[in-house]
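A.B. asks: Here it is, the structure in full.
The values are calculated or read from the model by the stated rules, or taken from the named source; none is laboratory data. Because the structure is a prediction, the values reported are computed rather than measured. So basically every Cβ, Gly included, is an ideal-geometry build from the backbone, and we count neighbours across all protein chains shown. Surface areas here come from the heavy atoms of the whole protein model, side chains and all, with no ligands, DNA or RNA. Shrake-Rupley method; radii C 1.70, N 1.55, O 1.52, S 1.80 Å.
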Amino acid sequence: MAIVRWKNRDLYDPWADFKSLQDEINDLFDIDRFPSTTGLFDRSVSPAIDVIEGEHEFTVKCELPGMEQKDIDVSIASNILTIKGQKKNEVEEKKGKYYKKESWAGNFQRTLSLPSSVAADKISAELKDGILTIALPKKEEAKPKQIEVNIK
Amino acid sequence: MADKKELETKKRTLPAACDIYEENGKVVCRMEMPGVLKEDLDIRVDGNRLVINGKKKAENTKGDYRIREIRDGDYYHEFTLDDTIDRSRIDAAIKNGIVTLTLNIKEAEKPRKINIVAK
């Protein structure tokens, strides 16, 4: 039996910092970070989205702070979901003197290719506290089914 | 050692996109905090510090993430107030995920005209 030196995990490991630095550098070159979900007309500045697949439905969440219902247009055409809208600049540039400006304004568009299991006629969307939630139920036949086996 | 441990256990916070501008003699701070409710927003003035902490509601969605771009964590911002800001007159409002803080400037700091009395 080989004897392995016991390592106290509470001790400060100087190499751990190098490890995190290397991870960060690797992250920079991570090609997967390029959004594969952006369409041709999607701009580089666009709201962040989450897509969650549940057992019975997909949920799409989109961060749209400061936007009203009338500014957002959600549409579906042959299983391509499009979230379109215009984020308005609430304050005119001339009016005030800016110290800091980090928010963006303008048109945006996000397109998502949905799997064929989504029932396109049952989609509902809700806007609350700056978050748009779109519920995309799955088709009945696509839902997991429990098949009973009768043993004779 | 102790510092290192504290860093690891601290909950991750993220800064909200923030606009600060001056309007009608007031400093307006507008922050984008989607998903934060009025009850979960905590704004404190501690001496010279203005601390804004917006807690996001805990996720209750069941399922697997296919795309995850929305960052997880609470919004946290800390600003230093200078002496021109009237600490007793700071108004805050939240609407559609946008927090608007209106910081009034002290009357004494505003430019004023001095009347000349001719004798």
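A.B. asks: Where nothing but the Cβ of Lys and Arg (+1) and of Asp and Glu (-1) is charged, how large is the charge dipole of segment B:11-108 around its Cα centre, in debye to the nearest 20?
C.D. replies: In total the dipole reaches around 460 debye.
A.B. asks: Could I ask something else about it? When the gyration tensor of segment B:11-108 is built from Cα positions, what are the square roots of 5 times its three eigenvalues, in whole Å, from largest to smallest?
C.D. replies: Listed largest to smallest, the semi-axes of segment B:11-108 are 30, 13, 11 Å.
A.B. asks: Considering only protein heavy atoms, what is the solvent-accessible area of B:Glu32 at a probe of 1.4 Å, reported in Å² to the nearest 10?
C.D. replies: Surface open to solvent at B:Glu32 totals about 20 Å².
A.B. asks: Under the rule of -39500 (n - 2.57) per DSSP H run of 4 or more residues, summed and divided by the residues of chain B, what mean residue ellipticity at 222 nm is obtained, to the nearest 500 deg cm²/dmol?
C.D. replies: Value at 222 nm, helices only: -2000 deg cm²/dmol.
A.B. asks: OK, next. Per-residue mean of other chain beta-carbon atoms within 10 angstrom of the beta-carbon, peptide B:63-73?
C.D. replies: 6
A.B. asks: Determine the shielding of peptide B:12-18 by partner chains: average, over its residues, the number of Cβ atoms on other chains within 10 angstrom of each Cβ.
C.D. replies: 2
A.B. asks: On the full set of protein chains, 1.4 Å probe, figure out the accessible area of B:Glu39 and give it in Å² to the nearest 10.
C.D. replies: Answer for B:Glu39: close to 140 Å² accessible.
A.B. asks: Could you go through segment B:70-87 in sequence order and give the Karplus-derived ³J(HN,Hα) for each residue, using 6.51 cos²θ - 1.76 cosθ + 1.60 with θ = phi - 60°, rounded to whole Hz, and x for Gly and Pro?
C.D. replies: With coefficients 6.51, -1.76 and 1.60, one gets 6, 6, 8, x, 8, 7, 9, 9, 9, 10, 9, 8, 9, 6, 7, 8, 7, 5 Hz.
A.B. asks: Can you tell me the FRET efficiency between B:Arg71 and A:Gln109 if r is taken as the Cβ-Cβ distance and R0 is 22 Å, rounded to the nearest 0.05?
C.D. replies: Between B:Arg71 and A:Gln109 the formula returns 0.55.
A.B. asks: Am I reading the A/B interface right? What is its buried accessible area, both sides, 1.4 Å probe, to the nearest 100 Å²?
C.D. replies: Its buried surface, counting both partners, is about 3200 Å².
A.B. asks: Another question, then. For peptide B:92-102, compute the average count of partner chain beta-carbon atoms within 10 Å of each residue's beta-carbon.
C.D. replies: Averaged over the peptide's residues, the number is 3.
A.B. asks: Here's another thing I want to ask about it. Would you mind calculating the gained length between A:Tyr99 and A:Trp15 on full extension (0.36 nm times residue separation, minus the Cα-Cα distance), in nm to one decimal?
C.D. replies: Answer, rounded to one decimal: 26.2 nm.
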